[in-house]
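Presented below is the structure to which this report refers.
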Ligand code: 6R9
């Protein structure tokens, strides 16, 4: 059993110990996992290169911890409850024994197709059990998984395949989301035309939609499975072997492949799951995130399975067939712990209480929130109407790069305040710094959030480009990991995350680089230049506002142009990056050195034009007047 903190006093003693003697603390936590060989050293690190090594000299396999070790104690317990998109279709209950067998078979499918330890396998699949099975099958044989959210476009997928030099893709013949069916095999085919490293595409028959197969490359999962043995020895992994790559957006144009290594990630995902959610043996736990995001990796698949929990995997969306779906699923599967995103809460709140009423939510004990700051109104609605006033809310702040939850209340243990992620978890040493990198000591301060000491599941590198990792995260403030978030520490020492301070926007909990969206917009032939900023959006948290300069030689009606730009972005990145507002402008506010003054564009997008600040350094200040006048018409 993973160690669990049960009181606020215990939290403080664990926290103090973790700061005073981090190596001892993390060695103790690691003791509750199964190792083929224990570590020689707990931690070696420097943040200059950066180089971070946890549990050096040890051997283990994360799937033995997620699966094998539970076989004797809970082999017949449900590991995964799969709830399909279509509510009339039966849910699946997969026991630990069955999951073990399915993972071993899938691992053998990979092996039989030439996949070896260290190879990169891309998973582009709907939220079906085989997605979790695929992730674990890779881990079983030491292949590095790169899950790409199945809402990304063919060109986004191709970029990720090429960057990782993936040799195999796992996909399906189709997918459902609400009342839409998606031709994901078609998207994969389009991507593979541009991804020469991929030799095999293993296709799950699931939607039964007709697909075309490329001879010698595409094969059916079920045909391979029929040939695969159900026994697959787990590959002994060294602590710093890569477990997975997950692409995320930063302030530059190209998404980066965040690399997590296996031992530290395992210990941290398992430890934080048990503690943040105060998981009790037998609890049914539901995280609504897609496995294509880090939340799905750490707290739908790995964290719960490491703890022997029953984890719900939901294929659908919160509003299909109607806005009561979440509450119906909670009632149906008697969910005890529910983890979702503020954007979902706000959207469901908007449909009205009639969708909540009449559902038995009495099984709920703990509520969680992740992905973006939760505003007070949504917090209270969640607390009062879903938690009926008695379920603690754990507002969990963390990132793809951190691998696991960093700042969050331990549910029911840490006293909460709406909109505060509260206190750092044991082992996490946050600091707030000012612009110059000076640490802001004491309480009642606001600055940029950094972490000054390593934790086991932190990013190790960005795939194929270590210098990028150093520059992005470890060079802004010497000797510290910089998160990119602004943060306030109040008089009680509680942390409140204020949002990104870099050129990253957070749309419905999805990270998007403004440069990435601009690059996509610029692909449209009529576009000369563009600038993208975020603006407050009632449901999404932030919306995407694009200022676009068009070629006047292309005679096009502006509404047609706008819809074409939206279609271009959707094609290049995926529907999640579609601009909410597009303003066609004659010029952009640039300084004499050619830098776009985004501060001004942000103000315009927010509708706050009363105080645009100093515009005297602009090359052409009249540009701003045009933009302000045009904004009223958007
Ligand atoms: C886990 C995840 C990370 C960024 C992060 C921050 C924002 C996430 C938050 C939150 C306030 C929370 N964020 N959780 N902001 N309160 N509880 O979402 O990872 O997709 O990498 O996004 O999301 O801005 O820097 P990722």
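Working ranking of peptides 54-65, 14-25 by packing, defined as the average number of other Cβ atoms within 10 Å per residue, highest first, is 54-65, 14-25. How much FRET efficiency would the formula 1/(1 + (r/R0)^6) give for residue 380 and residue 281, where r is the Cβ-Cβ distance and R0 is 35 Å, rounded to 0.05? For residue 380 and residue 281, the calculated efficiency is 0.65. Structural size metrics of the chain, computed from C-alpha coordinates, are Rg and Dmax of 24.1, 74 Å. Distance between the pseudo-spin-label points of residue 51 and residue 183 (7 Å out from Cα toward the beta carbon): 5.1 nm.
Considering only alpha-carbon pairs that sit under 8 angstrom and 6 or more positions apart, the relative contact order computed for the chain is 12 percent.
For residue 360 and residue 491, the FRET efficiency from 1/(1 + (r/R0)^6), where r spans their Cβ atoms and R0 equals 35 Å, is about 0.30. Think of it as helices only: each DSSP H run of n ≥ 4 in the chain is worth -39500 (n - 2.57), and spread over all residues that comes to -8000 deg cm²/dmol at 222 nm.
Using the 2.2 N^0.38 Å rule of thumb for compact globular proteins, work out how the range 508-631 stacks up: its C-alpha Rg over that value, please.
Ratio of Cα Rg to 2.2 N^0.38 Å: 1.02.
The value of relative contact order for the range 508-631, using C-alpha pairs under 8 Å at least six residues apart, is 23 percent.
One decimal place: the segment residue 231-residue 351 gains 38.3 nm when fully extended, by the rule 0.36 nm per residue minus the C-alpha distance. Most tightly packed first, judged by the mean number of other beta-carbon atoms within 10 Å of their residues, the peptides 401-409, 328-336 read 401-409, 328-336.
Taking a spot 7 Å from the Cα of residue 633 along the direction of its beta carbon, which residues of the range 538-565 have an amide N less than 11 Å from it? Correct set: 558-559. One decimal place: the segment residue 190-residue 20 gains 55.9 nm when fully extended, by the rule 0.36 nm per residue minus the C-alpha distance.
Under 16 Å from a point placed 7 Å out from the Cα of residue 529 along the Cα-to-Cβ direction: which residues of the range 604-634 have their backbone N that close? Residues 617-627 qualify, since their backbone N sits under 16 Å from the label point. Could you calculate the FRET efficiency of residue 446 with residue 71 from 1/(1 + (r/R0)^6), where r is the beta carbon distance between them and R0 is 35 Å, rounded to 0.05? After rounding to 0.05, the efficiency reads 0.10.
Need the C-alpha centroid separation for the range 311-351 versus the range 473-510, integer Å. So the two Cα centres are separated by 28 Å. Any idea how far the Cα center of the range 153-207 sits from the one of the range 85-107, in Å? Centre-to-centre (Cα) distance: 22 Å.
Need the full-extension length gain, residue 116 to residue 539, defined as separation in residues times 0.36 nm minus the C-alpha distance. One decimal, nm.
Taking residue 116 through residue 539 to full extension adds about 147.9 nm, to one decimal.
Projected label points at residue 217 and residue 599, each 7 Å from Cα along the beta carbon direction, are separated by 5.0 nanometres. Measuring between their Cα centroids, the range 552-581 and the range 278-296 lie 36 Å from each other.
A short reminder: the numbers here are calculations on the coordinates, not readings from a lab. Since we're looking at a predicted model, the values are computed, not measured. Reconstructed Cβ throughout: ideal geometry from the backbone, glycine too, with neighbour counts over all protein chains shown.
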